[in-house]
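The values are calculated or read from the model by the stated rules, or taken from the named source; none is laboratory data. Keep in mind that this is a model prediction, so the values were computed, not measured. With ideal geometry, Cβ positions are generated from the backbone for all residues, glycine too; neighbour counts draw on all protein chains shown.
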Amino acid sequence: MKCYVCAREGRSSDAVAICIVCGMGLCREHAIREELEMWEGGYPFPAKRAKAKIPRTLCPECYNALYGK
């Protein structure tokens, strides 16, 4: 699999991760590792925050959408 962001820029690089939100393949340059809060609970309620944050990989677009950075 190739990095989608690099492919849009006309480059070719192998993907090393997949965005947990949209599934986009990402190279090391474009993969953003972020500690996300996780919630656990049944449908539809109650829900509670998990005790620890879980490391996840995001693409630049999803990172910007989630954090507005």
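Every residue, every condition in (1) at pLDDT 85 or above; (2) out of contact with any Lys or Arg (no Cβ under 9 Å at 6 or more places or on another chain); (3) among the aromatic types (Phe, Trp, Tyr); (4) surrounded by 14 or more Cβ atoms within 10 Å (Cβ to Cβ), yes or no:
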{"position": "29", "(1), (2), (3), (4)": "yes, yes, no, no"}
{"position": "42", "(1), (2), (3), (4)": "no, yes, no, no"}
{"position": "61", "(1), (2), (3), (4)": "yes, yes, no, yes"}
{"position": "69", "(1), (2), (3), (4)": "no, yes, no, no"}
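For region 8-24, enumerate the residues that are charged (D, E, K, R) and not in a loop (DSSP other than H, G, I, E, B). Across region 8-24, the qualifying residues are 8, 14. Flag: residue 63 does not match the condition of being among the aromatic types (Phe, Trp, Tyr) and part of a loop (DSSP other than H, G, I, E, B). Residues of region 25-55 that are part of a strand (DSSP E or B) and touching a Cys at 6+ places or on another chain (Cβ under 9 Å): 25, 26, 32. Among the residues of region 52-59, some residue qualifies, meaning at least one is farther than 16 Å from residue 4 by Cα, at pLDDT 85 or above, surrounded by 16 or more Cβ atoms within 10 Å (Cβ to Cβ) and not polar (S, T, N, Q). Taking residues in region 36-62 that are under 26 Å from residue 17 (Cα atoms) and of a type in the set (Val, Ile, Thr), and partners anywhere that are loosely packed, with under 11 Cβ neighbours inside 10 Å and modelled with pLDDT of 70 or more, the pairs with Cβ atoms closer than 9 Å and at least 6 places apart or on different chains are 54/35; 54/37; 57/33. The residue that is nearest to residue 65 (Cα to Cα), counting only those in region 1-22 that are more than 13 Å from the chain's Cα centre (by Cα) and crowded, with 16+ Cβ neighbours inside 10 Å, is 5.
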